Amino acid sequence: MTPAELHDSAILWDAHSCVPLHPDFDLAALERHRRAGADFVSINVGMDMNPLDQILPVIASFREQIERRSDFLRFASTAGEVRRAKREGKLAVAFDLEGGVPLCGRPEMVRLFFDLGVRQIHLAYNRNNELGGGCYDEDVPLTALGRRIVEAVYRAGMLMDLSHTGHRTSLDIMAMGLGPVVFSHANPRAIRDDRRNLTEAQIEGCARTGGVVCVTGVGRFLADPEARSPAILDCIDHLVARIGPEHVGISLDYEYPGGGLRDLPEDVDRTYWWPPEEGYRDGISGIRLATPEQLPEITEGLLARGYGEAEIRRILGENMLDLVRRIRG
Ligand SMILES: [Zn+2]
C-alpha cells in the first residue's frame, strides 16, 4: 500500500482545530481539512474568556452552515456516523468547548451543550476557575463543583478533555475513575518544557484510564517552533514509546485565518490568559501552526519511521473512534 492509499483509506481524526469565534465565519474554509484527507474535525466554539452571547450565536451559525453545506460537511459524533460521513466523502464535524466557565456553574448545562453539538470539553483554559486549575496558574485541586461537572460530562457522553488544565486538577479527574480521558491537544513536556505540555504522570495516567493523548501542531509546544512535521512525529514517537500506539492520536490545533473578523471580546486581558511570564508575546499571535496540508506528511513520516499499517491507522484516527465508541456508542 502506498502512503497515499493508506492516508486516503484511514480514518483521520483531528481532535481539535479552531476557526474564528464569529458567526460570520464561513465554514467553507474547512474544505482544506477535507482536501488534506481529514475525515473528522472537532472545532472550538468557545473558551473561558468568551461570553455566552458570543458562544451561542457562533454555535447557531455553525449548525446552520453545516446543514446548508451538506454537500461536504456533516455533523457527526458517533463512530458509526463518522465512518458513514467518510464513505460519503464528507468531513464530519463536532464542537468542543475550551473551559467550563460557559457552564455557569450548573452541571445540567453540560447536557444542554451536548444537545447543541458540543462533544468534548475541558474544565479550565490556562487559568483557574470555580471548577479547578488551569495550566498557567497556581496548581490547585479539582473543586467539589468541578467533580459534579465531571460526573455530568461522563453522564452526557461528552469527552472529558484535560488539555489546558492544571496538573493537579487533571490527575484528580483521572483518579475519579469514571472512564477514559483525552488530551485533545497537548505534547510531552519531555520534548518541549512548557506548562501547557504534559508530564509523564499525566501521559501515563491518561493511558491507564484507557484514554488518548493527541499531539498538537502548535509550534510553541513542539521542539521546532516552525511546526514542521518531523517535530510532530518526534512527539508521536515519544508517546508511543511510553504508552503504546493504542493511546496516541493527532490534533492540529490549526487556527483558520479570520479575514478581519474580531473574535475576542474587547475587554479581554491577553496577558492574563496567555501570560508573558510563560513566554507569550501579544497573546497567541505570531505562533506558528502546523497546517492541514501537513497531514499527508504525518502518514508518510510514520511509514518512513517504520510504523506498521495497523499502528498508523490507530494513531491517525482509530484510537479516537474506539474512545468515542466506549463513551457514547
Ligand atoms: Zn487549546
Response to the item:
When residue 216 is run through (1) buried (at least 21 other Cβ atoms within 10 Å of the Cβ); (2) under 23 Å from residue 40 (Cβ atoms); (3) in contact with a Pro (Cβ under 9 Å, 6 or more places away or on another chain), the failure sits at (3)
Worksheet item: Does residue 75 meet the test of being closer than 26 Å to residue 30 by Cα and surrounded by fewer than 22 Cβ atoms within 10 Å (Cβ to Cβ)?
Response: yes
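Taking the range 146-170 as the region of interest, how many residues are outside any strand (DSSP E or B), out of contact with any Leu (no Cβ under 6 Å at 6 or more places or on another chain) and either more than 16 Å from the ligand (Cβ to nearest atom) or among the aliphatic types (A, V, I, L, M) (or both)? It would help to see each step written out before you state the result.
Here is the first cut: in the range 146-170, the ones outside any strand (DSSP E or B) are 146-158, 162-164, 166-170.
Adding the requirement that they be out of contact with any Leu (no Cβ under 6 Å at 6 or more places or on another chain) leaves 147-148, 150-153, 155-158, 162-164, 166-168.
If we keep only those that are either more than 16 Å from the ligand (Cβ to nearest atom) or among the aliphatic types (A, V, I, L, M) (or both) too, we end up with 147-148, 150-153, 155-158, 162, 167-168.
Within the range 146-170, residues that are outside any strand (DSSP E or B), out of contact with any Leu (no Cβ under 6 Å at 6 or more places or on another chain) and either more than 16 Å from the ligand (Cβ to nearest atom) or among the aliphatic types (A, V, I, L, M) (or both) number 13.
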Worksheet entry | Scan of the range 16-72 for residues that are within 16 Å of the ligand (Cβ to nearest atom) and of a type in the set (Gly, Ala, Ser), ordered by number | 17, 42, 46
Worksheet entry | So residue 191, is it touching an Asp or Glu at 6+ places or on another chain (Cβ under 8 Å), away from the ligand (no atom under 16 Å from the Cβ) and modelled with pLDDT of 95 or more | yes
Worksheet item: What about residue 84, is it more than 16 Å from the ligand (Cβ to nearest atom), in contact with a helix residue (DSSP H, G or I) (Cβ under 9 Å, 6 or more places away or on another chain) and of a type outside the set (Val, Ile, Thr)?
Response: no
Worksheet, complete the sentence: Restricted to the range 115-136 and to residues being out of contact with any strand residue (DSSP E or B) (no Cβ under 9 Å at 6 or more places or on another chain) and outside any strand (DSSP E or B), the residue surrounded by the most Cβ atoms within 10 Å (Cβ to Cβ) is 131
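Please verify whether the range 172-190 includes one or more residues that are part of a helix (DSSP H, G or I) and among the polar types (S, T, N, Q). Spell out the reasoning first.
Let us first name the residues in the range 172-190 that are part of a helix (DSSP H, G or I), namely 172-175.
Filter again for among the polar types (S, T, N, Q), leaving none.
No; the residues of the range 172-190 include none that is part of a helix (DSSP H, G or I) and among the polar types (S, T, N, Q).
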Worksheet item: What number of residues within the range 200-240 are touching a Phe, Trp or Tyr at 6+ places or on another chain (Cβ under 9 Å), aliphatic (A, V, I, L, M) and part of a helix (DSSP H, G or I)?
Response: 3
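The values are calculated or read from the model by the stated rules, or taken from the named source; none is laboratory data. Everything numeric here is computed off the predicted structure, so don't read it as measured data. So basically every Cβ, Gly included, is an ideal-geometry build from the backbone, and we count neighbours across all protein chains shown.
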